[in-house]
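The values are calculated or read from the model by the stated rules, or taken from the named source; none is laboratory data. Treat the numbers as computed from the prediction; the structure is a model and nothing was measured. In this analysis, Cβ positions are derived from the backbone assuming ideal geometry, glycine residues included, and neighbour counts consider all displayed protein chains. These area figures cover heavy atoms from the full protein model, side chains too; ligands, DNA and RNA do not enter into them. Shrake-Rupley method; radii C 1.70, N 1.55, O 1.52, S 1.80 Å.
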Amino acid sequence: MENKSVQEETAMPSHKIVVRSLKKSFHKLKVLQDINVEIKEGEVVVVIGPSGSGKSTFLRCINRLENINGGEIYIDGKNIHDRKNDINQMRANIGMVFQHFNLYPHKTAKENVMLAPVTLKRLTKEQASKQADELLVKVGLSDKADAYPSQLSGGQKQRVAIARALAMNPQIMLFDEPTSALDPEMVGEVLEVMQDLAKGGMTMVVVTHEMGFAREVGDRVLFMDGGYIVEEGTPRELINHPKELRTIDFLSKVL
Amino acid sequence: MSNIMEWKVIALFVQHFSTFMNALVLTLEISIISLAFATILGVVFGLFKISKIKPLVILSNFYTSIIRGTPLLVQIMFIYFGVPMVFGFKWPMLMIGTWKVTSMMTSGIVIMSINAGAYMTELVRGGVEAVDKGQMEAARSSGLSYGQAMIKIILPQAFRVMLPSIINQFICTLKDTSLLSIIGLRELTQNTKIIVANNMESFTMYFIVGVYYWLIVNVLTMIASWIERRTSYGK
């Protein structure tokens, strides 16, 4: 298998995320069969694949939104599925952005961003307020600080959600189909913010159908199907010169 | 209604205004305090009900099935007459500052709280389950504990959903306090019974007390819709 060479090459301590023989099933349905990935600090990994291939589940296992049935996931060398480790502390280091934004509807944009650092006493109210202003500038929404989610467009909501995830100053960001629920004209503004993050050296795992983004921003692309990583490589290798039949088949449908 | 009838209603209304006011205050006090306790009970047992800890789920189901499965009148007599007899105590009279809470009132509040609490439990469960699953996930993924996520994110949204039902429960509790007349507590209905026993004007007096209930219930309904409009954030 070709992912052997990747494993050897990256078997160094700078790994942010290490996934070993991860298995996950819902009742009798095996969603993840045997996933092995190692992700370096600052790497942007894009996960693609047909729906039902397990890519979202894989992402959700990384911060333990799903419990797993086998294998291990290490974040900075700590097993996140080990009950002895403080899950809340570990999750605070991993930002997550959802397909349906999941903004808190009873809080303004700024309050959404401030909530976690204030609740977890990472920052005082004043510090969090200052930080929220800066983050909203970063995602281009400084004028929407006092707007409620219901007053924002899809693209604006998702950018607030990114700012909210960044408020805990995470070292890893997970994106679960961040543009899939958006109208086409709003996809660009969200991808732009993500691209800036990638340039800033954030470790990112992105589940997406945006091949353009995968090609331009991704350091590595994983193609998943049937609960396995079928093929992986640089965007150029995988998207332009896929080797596996299933990858070729999938790409012929989405490109 | 004849002319004399109308005059009689007004005359009796004026004559008994002060005792009705006292009874109204008592009715409202019991309703408000009971609903406050019921809300606490409802949140606790509602969260038990949706928890993954089996004994808590069973305990909560037991509580709601007993209360919802027996008449309130029976619960009132059981708690006021039955319970003190077996456990050898009297419902205490409390002094809170200068405010005197009679033993009948204490037990009335206990009964109405436990009763409304069971209905609130179902409301809280329904309200929490109505909040999108993604809200809990977003909160947990940012590092909040289950409890923090509940308090900061889920419950405020659940209460928003529940608000009309909570007001409805308040209206039910308020009307149900009339059953407390059975233990002699001088709330609106008992007050009317006492007056009727003296002047035999059952038609007029029960009509008047009906108007009192109708008025408060409708004022509450208006307040409810006002609160509802105010809390629809940014819509």
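Data for the structure
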read-out	value
Residues located in region A:180-215, provided they are within 20 Å of A:Lys138 (Cβ to Cβ), open to solvent by less than 10 Å² (accessible area, probe 1.4 Å) and not in a helix (DSSP H, G or I)	A:Thr203, A:Met204, A:Val206
Filter pass, A:Ala165 being open to solvent by 20 Å² or more (accessible area, probe 1.4 Å) and within 12 Å of chain B (Cβ to nearest Cβ)	no
Candidate set from region B:195-209 (those that are surrounded by 13 or more Cβ atoms within 10 Å (Cβ to Cβ) and free of Cβ contacts under 8 Å to residues at least 24 places away in the same chain); member that is nearest to the other protein chains (Cβ to nearest Cβ)	B:Tyr206
Looking only at region A:60-107, and only at residues there that are within 12 Å of A:Ile17 (Cβ to Cβ) and aliphatic (A, V, I, L, M), the one that is farthest from the other protein chains (Cβ to nearest Cβ)	A:Ile73
Test for B:Ser34: is it among the hydroxyl-bearing types (Ser, Thr, Tyr) and either buried (at least 17 other Cβ atoms within 10 Å of the Cβ) or in contact with a Gly (Cβ under 8 Å, 6 or more places away or on another chain) (or both)	yes
Whichever residue in region A:148-158 is open to solvent by less than 30 Å² (accessible area, probe 1.4 Å) and part of a helix (DSSP H, G or I) and, among such residues, is farthest from the other protein chains (Cβ to nearest Cβ)	A:Gly155
Flag for A:Asp143 being touching a residue at least 12 places away in the same chain (Cβ under 8 Å), acidic (Asp, Glu) and outside any strand (DSSP E or B)	no
All positions within region A:39-55 that are buried (at least 23 other Cβ atoms within 10 Å of the Cβ) and over 15 Å from A:Met202 (Cβ atoms)	A:Val47, A:Ile48, A:Gly49, A:Ser53, A:Gly54, A:Lys55
Given (1) at pLDDT 95 or above; (2) surrounded by 21 or more Cβ atoms within 10 Å (Cβ to Cβ), number of the condition B:Met162 does not satisfy	(1)
Of all residues in region B:126-141 being open to solvent by 20 Å² or more (accessible area, probe 1.4 Å) and assigned to a helix (DSSP H, G or I), the one that is farthest from A:Glu66 (Cα to Cα)	B:Gly126
Tabulated pairs, region B:51-66, first surrounded by 14 or more Cβ atoms within 10 Å (Cβ to Cβ), second at pLDDT 95 or above and of a type in the set (Asp, Glu), C-beta under 8 angstrom, 6+ apart or interchain	B:Thr64/B:Glu122
Any hit, region B:137-150, residues being of a type outside the set (A, V, I, L, M, F, W, C) and touching a strand residue (DSSP E or B) at 6+ places or on another chain (Cβ under 7 Å)	yes
Meets criteria (within 14 Å of another protein chain (Cβ to nearest Cβ), of a type in the set (A, V, I, L, M), surrounded by 14 or more Cβ atoms within 10 Å (Cβ to Cβ) and not in a helix (DSSP H, G or I)) for B:Leu144	yes
Residues satisfying the stated conditions in region A:6-26, i.e. open to solvent by 70 Å² or more (accessible area, probe 1.4 Å) and modelled with pLDDT under 90	A:Gln7, A:Glu8, A:Glu9, A:Ala11, A:Met12, A:Pro13
Condition check for A:Asp82: in a helix (DSSP H, G or I) and among the acidic types (Asp, Glu)	no
Sole residue being within 14 Å of chain B (Cβ to nearest Cβ), open to solvent by less than 20 Å² (accessible area, probe 1.4 Å), in a strand (DSSP E or B) and not aliphatic (A, V, I, L, M), chosen from A:Phe175, A:Phe223	A:Phe175
